[in-house]
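Trainee: The structure's right below; bear with me while I get my questions together.
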2 protein chains.
Amino acid sequence: MPNNQFKRGELYSFITGKASTAIARRLQKKFNTAGLNITIEQWSLLYHLWKQEGISQQELCNATFRDKPSITRLVDNLEKLNLVKRVASESDRRINLIYLTKQAQKLQEDTMALAEETLNEALETVPADKVDICKEVLQIVYDNLK
Amino acid sequence: MPNNQFKRGELYSFITGKASTAIARRLQKKFNTAGLNITIEQWSLLYHLWKQEGISQQELCNATFRDKPSITRLVDNLEKLNLVKRVASESDRRINLIYLTKQAQKLQEDTMALAEETLNEALETVPADKVDICKEVLQIVYDNLK
DNA sequence: GGCATATAGTTGTTTGTGCAACTATTCAAA
DNA sequence: TTTGAATAGTTGCACAAACAACTATATGCC
């Protein structure tokens, strides 16, 4: 049986991702207001580098679900902002390993706090068990299509 | 009590909208494969015009959650593709009313079928009641932040 | 009527994305 | 060991989004 349960207006929202657009826009405004001069997309790279730095651009592609040119340019811009640096790998000279600068390390705490705050605003009034189900569904959608 | 229920990796996915990105990308590929020469963003405008044409660009802004310059340029590109035309309003000469061409009317059936197909692929294996809860949560998130 | 203000839409600039085509390096098989 | 395929990254191009600054028209108040 096809899972054909979308009325017109709902189909639209699911495809265009209005909810995540709204979240990203709110977080971007918080960054701007706080005087943090980075974009959400740049932040999403830093996010993975805070977990583990010294990874390759290809690994950043996989982690952030972007193609290689997108990562090249995001790293370009992060380098211009003095937030990361490319270091050629010793063992494989095709590879750039990406490292954080001190300046980027300082950003972690503040930006993560604003991200948490944004999600709390987004999920205000939503019961925790429904949030769990929503996360689960979105993960399955991603796995089904990636 | 703050709704502070996000582990690190999950926070990331929620903010960046990996699921809706995956859906949009899959649908775009289906458009390309079918030889339909439009972008998802252009389709999202047509989507609202199929429901009701002759609306203003401002109404398209509200419907699609985009700003005015974005709509100006999407309408520009749709006009270049001969899919819509701007018609100056008789009663208020500031307003452009947007109408579909015959060519655009023909696109509706095919593209909507591909959209349904994409969502079915995305939601394969997801029980209907969980999909309902997910839709509900995303709607609340949007309402909380818009 | 005339002027301030609001509204609809456009243009310029920066940033990001996807695709295709390209270079450089590595790897593997003949 | 050489040569062809795979992999990592870059560049060019078209399209899209956000913000600010702009033009044109409409509205409301004196």
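Bear in mind these aren't lab numbers, they're just calculated from the coordinates by the rules spelled out. Remember, it's a predicted structure, so these values are computed and weren't measured experimentally. No Cβ is skipped: glycine too gets one built from the backbone with ideal geometry, and neighbour counts run over all protein chains shown.
Trainee: Which aspartates and glutamates have a Cα lying under 13 Å from the Cα of B:Lys85, excluding residues fewer than 8 positions away in the same chain?
Mentor: B:Glu53, B:Asp76
Trainee: What gaps in nm, shortest first, separate A:Glu116 from its twins in the other copies when you place the label 7 Å past Cα toward the beta carbon?
Mentor: Those label-point separations list as 4.6 nm.
Trainee: Rounded to the nearest 20 Debye, what is the dipole magnitude of region B:8-145 about its Cα centre when Lys and Arg each give +1 and Asp and Glu each give -1 at the C-beta?
Mentor: It comes to approximately 580 debye.
Trainee: Please give, to one decimal in nm, the separation of the simple spin-label points placed at A:Arg73 and B:Ser89, each 7 Å out from Cα toward the Cβ.
Mentor: For A:Arg73 paired with B:Ser89, the spin-label model returns 3.5 nm.
Trainee: Shifting gears a bit: Would you please report the Å³ per residue occupied by the convex hull of the alpha carbon atoms in region A:8-145?
Mentor: Dividing the Cα hull volume of region A:8-145 by its residues yields 140 Å³.
Trainee: Now for a separate question. As an exercise, identify the GluC sites (Glu not before Pro) in region A:83-146 lying in DSSP coil whose Cβ has no more than 11 other Cβ atoms within 10 Å.
Mentor: Answer in residue order: A:Glu90.
Trainee: Loop-only check: which trypsin sites (Lys or Arg not before Pro) in region A:17-109 are DSSP coil with at most 13 other Cβ within 10 angstrom?
Mentor: A:Arg93, A:Arg94
Trainee: Relative to the longest principal axis of chain A, what angle (0 to 90°, nearest 10) does the C-alpha long axis of helix A:102-123 take?
Mentor: 0 degrees
Trainee: What are the distances, in nm and sorted shortest first, from the label point of B:Glu90 to the label points of the same position in each other copy, with each label point placed 7 Å from Cα along the Cα-to-Cβ direction?
Mentor: Once sorted, the set of distances for B:Glu90 reads 7.9 nm.
Trainee: Just to verify a number: FRET efficiency for B:Thr33 and A:Gln103, C-beta to C-beta distance, R0 = 41 Å, to 0.05?
Mentor: The calculated FRET efficiency here is 0.40.
Trainee: Provide a whole-number value for the mean count of partner chain Cβ atoms within 10 Å of the Cβ atoms in peptide A:110-120. Let's see the in-between values first.
Mentor: On the way: counts 0, 0, 2, 0, 0, 5, 5, 2, 4, 10, 6.
For this peptide, the per-residue mean of nearby foreign Cβ atoms is 3.
Trainee: What is the set of long-range amide H partners of A:Leu97 at a cut-off below 5 Å, with H atoms built 1.01 Å from backbone N?
Mentor: Sorted by chain and number, the residues that satisfy this are A:Val87, A:Ala88, A:Ser89.
Trainee: Next question, about the same structure. Relative to a virtual label point 7 Å from the Cα of B:Lys146 in the Cα→beta-carbon direction, which members of region A:13-51 show backbone nitrogen distances below 16 Å?
Mentor: Residues A:13-26 fall inside that zone.
Trainee: Across the residues of B:18-29, average count of Cβ atoms on other protein chains within 10 Å? Mind showing how you got there, number by number?
Mentor: Details: counts 10, 16, 12, 7, 9, 8, 5, 3, 4, 2, 0, 0.
The per-residue average across the peptide is 6.
Trainee: Once the label point is placed 7 Å from Cα along Cβ, list for A:Glu136 the distances to the corresponding points in the other copies, in nm, shortest first.
Mentor: Nearest to farthest, the other copies are at 1.4 nm.
Trainee: Below 8 Å between Cα atoms, with a sequence gap of 6+, how large is the relative contact order for region A:8-145 in percent?
Mentor: 22 percent
Trainee: Hey, got the average number of other protein chain Cβ atoms within 10 angstrom for residues in B:126-133?
Mentor: Going residue by residue through B:126-133 and averaging, the value is 6.
Trainee: Between region A:111-140 and region B:33-109, what's the alpha-carbon centroid distance in Å?
Mentor: Result: 33 Å between the Cα centres.
Trainee: Related question: Holding the Cα-Cα limit at 32 Å, pick out from A:Lys80/A:Lys130; A:Lys30/A:Lys80; B:Lys68/B:Lys135; A:Lys68/A:Lys130 the pairs that are longer than that.
Mentor: A:Lys80/A:Lys130; A:Lys68/A:Lys130
Trainee: Just to confirm the number: angle between the C-alpha axis of helix A:40-51 and the first principal axis of chain A, 0 to 90 degrees, nearest 10?
Mentor: It works out to around 70 degrees.
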